[in-house]
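FYI, it's all coordinate maths here, none of it is from the lab. All figures in this text were calculated on a predicted structure; none of them were measured in a lab. Quick reminder, even Gly has a Cβ in these numbers, built from the backbone with ideal geometry, and neighbours come from all protein chains shown.
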Amino acid sequence: MKKNKTIIISIGGSLIVPDGIDTVFLKKLRALLVSHMKKGARFVVIAGGGKTCRRYNAAAESVVRVSKEDLDWLGIHTTRLNAHLLRTIFKGWAHAEIVKDPHRPARFKEPMLVTAGWKPGCSTDYDAVLFAKNHGAKTLVNLSNIDYVYTKDPKKFPDAKPIHEITWKKFRRLLPKKWDPGLNAPFDPIAAAAAQKADMTVAIMNGAHMQNLENFLVDKPFTGTIVTPDSLLVPGAGLEPASLAARNFKFREFTSFSTRA
């Protein structure tokens, strides 16, 4: 990784709060990112909501009928709570202010800027795409709690197959057509449409395996699914984009990381 490279990372709520707060994950994450910041790396981090989001949504719905917009706002505020947690554990490294608007130019002298959910109608996946565009990034990494994207839900279908490479056109066929608060999908469909339009490349990997993230940061092969612009697909090559078939995915000038809320 080049010195002073800005890496945009969304730490999804499924990693921060899979049930209770995962302090083991947070300690490992802090150690890894601090080690790279000591070498000159800069990070923009966006937090998802995780189980906290789902519990607040379920609690509200158990009392009254709740609109999708209000469910989204509950989720957004849980991402902001998790963002404060991240800013706290990275105190001394992170900028004091948490940025919520991805359209706002990010100016910070510290090696880390922590961000959170913006507005209803999408997840932090979409916010990460907007932050990437704001920084001129063409690459986005989605840290999830799965090793790959599969052809169908592997928990329900034993014959589901992992996908190593796929284009946006084929990938979007696997996603729901609309965003819904609490959606459980490998990538927000609103974010997928925006990333496809911007010709971004997205790498989806299991963020719980810290060595996997470390491999990516130092340009070594990693386990995961790569979603590429349709123009990178080789005719007749199925899911294998020409430039990524070697599975050694190199950094570009800026890189963005995202995970599901």
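Among 59-71, 109-121, 13-25, how do they line up from the highest to the lowest mean number of other beta-carbon atoms within 10 Å?
Highest to lowest by the protection proxy: 109-121, 13-25, 59-71.
Which percent, to the nearest 5, of DSSP beta bridges fully inside the chain are antiparallel?
So the antiparallel bridges amount to about 20 percent of the total.
Stretch K27-E214 to full length: gain in nm at 0.36 nm per residue minus the Cα-Cα span?
Value of the extension gain: 65.9 nm.
Which of the three applies to segment 118-242, rounded, prolate or oblate, going by the alpha-carbon gyration tensor with a ≥ b ≥ c and a/c under 1.5 meaning rounded?
rounded
Packing-wise, with mean Cβ within 10 Å as the measure, how do 32-43, 197-208 rank, highest first?
The densest-packed peptide leads the list: 197-208, 32-43.
By a straight-distance test (C-alpha under 19 Å), which aspartates and glutamates pair with K119 as possible cross-link partners, with residues fewer than eight away in the same chain excluded?
K119 reaches E69, D70, D72, E97, D101, D127, D180, D188.
Distance cut-off 23 Å, Cα to Cα: go down the list K100/K133; K133/K169; K39/K133; K100/K177; K91/K138 and report the pairs above it.
Too far apart for the 23 Å limit: K39/K133; K100/K177; K91/K138.
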